[in-house]
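Student: Sharing a structure here in structure tokens format.
The values are calculated or read from the model by the stated rules, or taken from the named source; none is laboratory data. On a predicted model such as this, the values are computed, not experimentally measured, just so you know. In this analysis, Cβ positions are derived from the backbone assuming ideal geometry, glycine residues included, and neighbour counts consider all displayed protein chains. In case anyone asks, the SASA skips ligands and DNA or RNA and just uses the protein heavy atoms, side chains included. Shrake-Rupley method; radii C 1.70, N 1.55, O 1.52, S 1.80 Å.
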Amino acid sequence: MDGVPKLVVKVTQYVEDHGLDYEGIYRVNPNMRIIDQLRAQFDKTGDANFSDVDVASVAGLLKMFLRDLPTPLLPKEMMKDIAQSSQGDKGMDVKLLANLVTRLSRMKYNLLKYLIRHLHIVSRHEKENKMTPANLAIVFGPNIFSLEGMEYLYWQKYTLEFLCVLISKYKEIFSEVHKGNLEGRPAYPIPYKEYMAEKNIYEPVTFSVCHDYPTAAKEEEEEVFGGWLYLKVQILYVHICICVHMYVCTYICTCVVSTVYSTIRVGCPDWTLQLV
């Protein structure tokens, strides 16, 4: 499994050697100052020294690396294909997912496969680190997919299910198309500087998206969209009600104060107005 960036290989190896029993690995907030220092070392020398560095910060470097890839590891064009693989309560079809990941470019496929292999190993220690496939999918979803904000929330169900199945059924999915070593580390990882110099190393891929979803998936998508639209209308309605209520209250208070002041001014001698 060659062609994996050296940074990814080094970080995952360090985590597997020192962090498999670390509770909340990849979920615990890292020290950003240390991450910036490690990144600066990679930028300058193509390598970094992890000695005396907490494992949470090293793990955070991997998430930053994935988030800062020139092109996302999994493009948004995959989302409808992933949704099509969903079979509702039956989960996602393993063979369809295996076919889907092979449509990635060779470099992206190798990196995805190596990353999922690592997350699979981490999840096998979930009793100690509390990181189940579902928890790992929640953490890595935003870093792997090119989705942000409302768009990510819209597709979140499918992205989490997709990653969770990849992690939990790693051997089944990748053995469908690759009969080689599913456990080992790359023999020739890509040097960091070479990766940084070649911005097109993860070339974009065109997916032949099928717009004719299974009826259940299409209805569920429409239901989700309708739910978001209803929520937005409700929020707008509440805001309007609050604004109208505040305006009416302000107007009433102004009228009351004006009326009281006028009454006092008319019914009291001039010298008493000085006390008002």
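Student: With the requirement that a residue be part of a loop (DSSP other than H, G, I, E, B) and either within 19 Å of the chain's Cα centre (by Cα) or not hydroxyl-bearing (Ser, Thr, Tyr) (or both), what does region 14-35 give you?
Tutor: If we filter region 14-35 for residues that are part of a loop (DSSP other than H, G, I, E, B), which is where we start, we get 19-31.
Residues satisfying the conditions are GLY19, LEU20, ASP21, GLU23, GLY24, ILE25, TYR26, ARG27, VAL28, ASN29, PRO30, ASN31.
Student: Within region 71-139, which helices (runs of 4 or more DSSP H) (wholly inside it) include 3 or more residues that are basic (Lys, Arg)?
Tutor: Values: elements: 79-85, 94-101, 106-123, 126-129.
Qualifying helices (runs of 4 or more DSSP H): 106-123.
Student: Next question. Would a scan of region 94-105 turn up a residue that is hydroxyl-bearing (Ser, Thr, Tyr) and open to solvent by less than 30 Å² (accessible area, probe 1.4 Å)?
Tutor: Taking region 94-105 and keeping what is hydroxyl-bearing (Ser, Thr, Tyr), we get 102, 105.
Filter once more, keeping what is open to solvent by less than 30 Å² (accessible area, probe 1.4 Å): 105.
Looking for residues that are hydroxyl-bearing (Ser, Thr, Tyr) and open to solvent by less than 30 Å² (accessible area, probe 1.4 Å), one finds at least one in region 94-105, hence yes.
Student: So which residues in region 23-34 are under 17 Å from PHE140 (Cα atoms), open to solvent by 60 Å² or more (accessible area, probe 1.4 Å) and not acidic (Asp, Glu)?
Tutor: Those that are under 17 Å from PHE140 (Cα atoms), open to solvent by 60 Å² or more (accessible area, probe 1.4 Å) and not acidic (Asp, Glu): ARG27, ASN29.
Student: Which residues, counting only those in region 154-170, are in a helix (DSSP H, G or I), in contact (Cβ under 8 Å) with a residue 24 or more places away in the chain and open to solvent by 30 Å² or more (accessible area, probe 1.4 Å)? Give the steps one after another, and end with the answer.
Tutor: Taking region 154-170 first, the residues in a helix (DSSP H, G or I) are 154-168, 170.
Filter once more, keeping what is in contact (Cβ under 8 Å) with a residue 24 or more places away in the chain: 154-155, 157-168, 170.
Hits for region 154-170 are TYR154, LYS157, LEU160, GLU161, CYS164, SER168.
Quick grid of which residues meet (1) open to solvent by 20 Å² or more (accessible area, probe 1.4 Å); (2) charged (D, E, K, R); (3) in contact with a Cys (Cβ under 6 Å, 6 or more places away or on another chain):
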| site | (1), (2), (3) |
| --- | --- |
| LYS6 | yes, yes, no |
| THR12 | no, no, no |
| HIS18 | yes, no, no |
| ASP36 | yes, yes, no |
| ASP47 | yes, yes, no |
| LYS63 | yes, yes, no |
| LEU66 | no, no, no |
| MET79 | no, no, no |
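Student: Then there's this: Can you tell me which condition LEU119 does not meet? The list is (1) without any contact (Cβ under 8 Å) to a residue 60 or more places away in the chain; (2) more than 15 Å from ILE173 (Cβ to Cβ), and all the others hold.
Tutor: (2)
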